[in-house]
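Scroll down for the structure; my scribbles are underneath it.
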Amino acid sequence: MKYIFANWKMYLDFDETLILANALLREKIELTDAELAVFPSNLAVREVSMSLGASSIAVGAQNSGYPEKGAYTGLVSAQMFAKVGCKYSLVGHSERRYIFGETNEDVRKKIEICFDAGLIPVLCIGETEKDVKEDKREYRLKKQIMAVFDNLNLDNNDIIIAYEPVWAIGTGKNCDFTKAEEVHAMIKQELKNYTKKEISVIYGGSVNDKNVKSYISLKNVDGVLVGGASTKLETFLPIIKEVQSLSN
Ligand code: PGA
């Protein structure tokens, strides 16, 4: 199974989001052994979920994992996202970690709440440019993995990992393919310390229609998380088609 996940971040307003979701719907995308999901802004999640309801395109939240209800000004809980049809939630995206100060402990809590709510968390991990310079890539990733997977109950719960090098996000500097394969293999090896389950690991960071095929063809890369290039039909559709051509 290959995943194509579209993180629309805060790039699109309500109307723009619906225009793109409906444009995708009109394409009548059929995927074999692949899953397409979009992650709209909170404002548009319910509407997109209703529009795409009858299609095979899944919907996810960009950030969730708070207690079901309560005095949490400005937040939307995992349960609320699940109730309006979300299947997934990104958790620990680097923009949450580095702009909003989310810690590994916050990420762990959010993952558990996603499980309770019935959402499949897409745990984002990745090293910074500074980590690379200091030769701490592996250290950073293993630490982020440990914080979430140590004693995590995966018996009835699914989780997907997105390896997103922070220096590759929105920069046009995508990770070298050989390096990506090496890192994904390392992540999968590391996960064996915590679970017997096969966990899918997808790649994110400046994915576009020119490089997607190379990533998707790598043995240990189970899909892609696409930001900027997923926010316009003309740049996103070619990416979907590349994945489609490989899985058919
Ligand atoms: P990008 O973003 O494709 O714009 O680099 C990826 C992400 O942040 O998920």
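Miscellaneous remarks
- Meeting the requirement of 2 or more residues that are closer than 29 Å to N153 by Cβ, the helices (runs of 4 or more DSSP H) wholly within segment 168-248 are 177-191.
- Of the residues making up segment 140-161, one or more are among the acidic types (D, E), more than 18 Å from the chain's Cα centre (by Cα) and more than 13 Å from the ligand (Cβ to nearest atom).
- When segment 18-33 is limited to residues that are at pLDDT 95 or above, away from the ligand (no atom under 16 Å from the Cβ) and touching a helix residue (DSSP H, G or I) at 6+ places or on another chain (Cβ under 8 Å), the one that is most open to solvent (accessible area, probe 1.4 Å) turns out to be E27.
- Conditions (1) small (G, A, S); (2) surrounded by 17 or more Cβ atoms within 10 Å (Cβ to Cβ); (3) within 11 Å of the ligand (Cβ to nearest atom); number of the one not met by S200: (3)
- Residue match in segment 180-197 (condition: within 18 Å of the chain's Cα centre (by Cα), on the phi > 0 side of the Ramachandran plot and within 16 Å of the ligand (Cβ to nearest atom)): no
- Criterion violated by E102 - all others in (1) open to solvent by less than 60 Å² (accessible area, probe 1.4 Å); (2) away from the ligand (no atom under 16 Å from the Cβ); (3) within 17 Å of the chain's Cα centre (by Cα) satisfied: (2)
- Answer residue from segment 146-161, given it is part of a loop (DSSP other than H, G, I, E, B) and farther than 18 Å from M1 by Cβ and is least open to solvent (accessible area, probe 1.4 Å) among those: L152
- For segment 162-179, the condition of being farther than 24 Å from K232 by Cα, under 18 Å from the mean Cα position of the chain (by Cα), of a type outside the set (D, E) and surrounded by 15 or more Cβ atoms within 10 Å (Cβ to Cβ) holds for none of the residues.
- Subset of segment 226-237 that is touching a residue at least 24 places away in the same chain (Cβ under 8 Å) and open to solvent by 40 Å² or more (accessible area, probe 1.4 Å) - its residue that is nearest to the ligand (Cβ to nearest atom): G228
The values are calculated or read from the model by the stated rules, or taken from the named source; none is laboratory data. It should be emphasised that the depicted structure is a prediction, and the values quoted were computed from it without experimental measurement. Quick reminder, even Gly has a Cβ in these numbers, built from the backbone with ideal geometry, and neighbours come from all protein chains shown. In case anyone asks, the SASA skips ligands and DNA or RNA and just uses the protein heavy atoms, side chains included. Shrake-Rupley method; radii C 1.70, N 1.55, O 1.52, S 1.80 Å.
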